[in-house]
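Written below as structure tokens is the structure these notes are about.
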Amino acid sequence: MYSPIDSQIGEEISKKIATLEERLKADVIFYYGSIGSGLSNEFREMINELKENDKGYKKLCIVLTTPGGSAMEVQRCVNVVRNFYDEIDFIIPDYAYSAGTIFCMSGDNIYMNYYSVLGPIDPQVQNKAGLWVAALGYLDKVNEMIDKSKNGNLSPAEFILFRDMDLGELREYEQAQEVTIDLLKTFLVNYKFKSWITHRTDPQKLGEPVTPEEKEQRASEIAKKLSDNNRWKSHSRPINIETLKKELKLDIIDFSADKNLDSDILSHYSYIMDYVRKRGASSCFNTRRRTIV
């Protein structure tokens, strides 16, 4: 039950997201929280509400802040939002790690500023205890122990750990890695690279049409780099806009270049995150229709 002050704050948040919609000429959904089972259904419900109060927008902007979660749920979320809109853009005022990074790669455009970060695509899977764990850390450790075993350097303690590992669970981690990479490549080719028609940076190919094979090759290179645990070292290693543009050669829109857009995004984000923190919420949805925590 909302208190009067909550109602007042909710109205102010609705005004701010409506201002952002006018600026972007798009429906806007804000989501803060992990990407867990059922999130796609919540997206579907929120979009249905927006369509009941339809403003005729063909574009959806998702303002996303997430530590990550299930890549398979990301796929379902993408299916949902693509069913309703011709263009999907992502705005990252803070961070979107792991599965959140994969979600962003399904967008036509990604908006970030100097403070925004994405992360490596280290898949998260649930272990026997029901906890979400980073799969690549486990696989890297197994490969390390295999190398030690080949060289005769495996300690007795490591041997016991290695012997007791669940091979089925390890195979699940390998499959999660394969699915994650496959999803990223598919999203990049089908969505992020959709408007990449001609070469713009390669002097030898400048102005020439980009082939499907070239898009697939670039997508594979990006997926390989983002899934390289030895490069990033940590599941939550922040990757900023400069690295994404220079090292991964991704087109990212710097929203701080547009002072009005920058103000609208940060004003809404600051206001709603203050609201989330005061309520101690672990997740939050916000549209022009309502706010759910």
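The values are calculated or read from the model by the stated rules, or taken from the named source; none is laboratory data. Model, not experiment: these values are computed from the prediction. Backbone-built Cβ (ideal geometry, glycine too); neighbour counts: all protein chains shown.
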Odd one out for Tyr191 among (1) under 26 Å from Ser37 (Cα atoms); (2) at pLDDT below 65; (3) not β-branched (Val, Ile, Thr): (2)
Evaluation of Ser236 against (1) modelled with pLDDT under 90; (2) of a type outside the set (Phe, Trp, Tyr); (3) under 15 Å from Thr65 (Cβ atoms); (4) in contact with a helix residue (DSSP H, G or I) (Cβ under 6 Å, 6 or more places away or on another chain) (one fails), failing number: (4)
Criterion (at pLDDT 90 or above and either surrounded by 15 or more Cβ atoms within 10 Å (Cβ to Cβ) or out of contact with any Ser or Thr (no Cβ under 7 Å at 6 or more places or on another chain) (or both)) met by exactly one of Leu244, Leu206: Leu244
Candidates Leu50, Leu60 - the one that is over 30 Å from Leu244 (Cα atoms) and either modelled with pLDDT of 95 or more or aliphatic (A, V, I, L, M) (or both): Leu50
Residues being of a type in the set (Lys, Arg) and out of contact with any helix residue (DSSP H, G or I) (no Cβ under 8 Å at 6 or more places or on another chain) - total across segment 7-43: 2
Any hit, segment 221-239, residues being small (Gly, Ala, Ser), within 20 Å of the chain's Cα centre (by Cα) and assigned to a helix (DSSP H, G or I): yes
Residue in segment 89-106 that is farther than 15 Å from Phe30 by Cβ and over 10 Å from the mean Cα position of the chain (by Cα) present: no
Answer residue from segment 252-293, given it is among the charged types (D, E, K, R) and at pLDDT below 95 and is surrounded by the most Cβ atoms within 10 Å (Cβ to Cβ) among those: Arg288
Wholly enclosed helices (runs of 4 or more DSSP H) of segment 32-129 bearing at least 1 residues buried (at least 24 other Cβ atoms within 10 Å of the Cβ), among the polar types (S, T, N, Q) and touching a strand residue (DSSP E or B) at 6+ places or on another chain (Cβ under 8 Å): 99-104
Selected residue (criterion: surrounded by the fewest Cβ atoms within 10 Å (Cβ to Cβ)) from residues of segment 187-199 that are part of a helix (DSSP H, G or I) and out of contact with any Lys or Arg (no Cβ under 6 Å at 6 or more places or on another chain): Asn190
Failed item, numbered, when Asp202 is tested on (1) farther than 29 Å from Ser34 by Cβ; (2) of a type outside the set (Gly, Ala, Ser); (3) in a helix (DSSP H, G or I): (3)
Sole residue being under 25 Å from the mean Cα position of the chain (by Cα), acidic (Asp, Glu) and either modelled with pLDDT of 70 or more or part of a loop (DSSP other than H, G, I, E, B) (or both), chosen from Glu216, Glu174: Glu216
